[in-house]
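The values are calculated or read from the model by the stated rules, or taken from the named source; none is laboratory data. The model shown is predicted, which means the values in this text are computed figures rather than measured ones. Every residue, glycine as well, gets a Cβ built from its backbone with ideal geometry; the counts of neighbours run over all protein chains shown. We work out accessible area using only protein heavy atoms, side chains counted, and drop any ligands, DNA or RNA first. Shrake-Rupley method; radii C 1.70, N 1.55, O 1.52, S 1.80 Å.
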Amino acid sequence: MYSTLKRGLFGSFFCLVVLMSAATAATVVEHKMQDPTRPADFIVPNAGPAASTSKELVLTSIIRSPLRQVAIINEQSLQVGDAIGEYKVVQIVSDGVKIQSASKVFMLELNTLQIKTAK
């Protein structure tokens, strides 16, 4: 009798863990990935003439490591080969991202802000 009770409790516990995992996974899938390096009060600056070439695409961050390269464009994490709208990420370098559409190839440049340091 004790082993039957033990198996029943284990089965109930296992089902509870599976249900909690499924609920957590659904929440993670629904959550929109945001740039982890972006300050909470960051306002995207006007990128000037380069922005008119790339329409609505705004590059805010580039994360590079020996294992992977990620560009944050319009608050989406993208790697080489990924698409955003009609555009495809072709190359990620330290200061920009090469983008390709059906009719053209262009470079989105990372907007470098001047940071003043205390003297």
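Answer yes or no as to whether V89 is part of a strand (DSSP E or B), within 19 Å of the chain's Cα centre (by Cα) and modelled with pLDDT of 60 or more.
Details: part of a strand (DSSP E or B): yes; within 19 Å of the chain's Cα centre (by Cα): yes; modelled with pLDDT of 60 or more: yes.
Yes; evaluated as a whole, the condition is true for this residue.
Where the second residue is open to solvent by less than 50 Å² (accessible area, probe 1.4 Å) and of a type in the set (A, V, I, L, M, F, W, C) and the first is in contact (Cβ under 8 Å) with a residue 40 or more places away in the chain and within 17 Å of P36 (Cα to Cα) and lies in segment 73-101, which pairs have Cβ atoms under 7 Å and are six or more apart or on separate chains?
Pairs that qualify, where the first residue is in contact (Cβ under 8 Å) with a residue 40 or more places away in the chain and within 17 Å of P36 (Cα to Cα) and the partner is open to solvent by less than 50 Å² (accessible area, probe 1.4 Å) and of a type in the set (A, V, I, L, M, F, W, C), are Q76/I84; S77/V70.
Any idea how many residues of segment 75-106 are among the small types (G, A, S), closer than 12 Å to L59 by Cα and open to solvent by less than 40 Å² (accessible area, probe 1.4 Å)?
Total satisfying the criteria: 1.
What residue, among those in segment 59-74 that are of a type in the set (A, V, I, L, M) and surrounded by fewer than 16 Cβ atoms within 10 Å (Cβ to Cβ), is nearest to the chain's Cα centre (by Cα)?
That would be I63.
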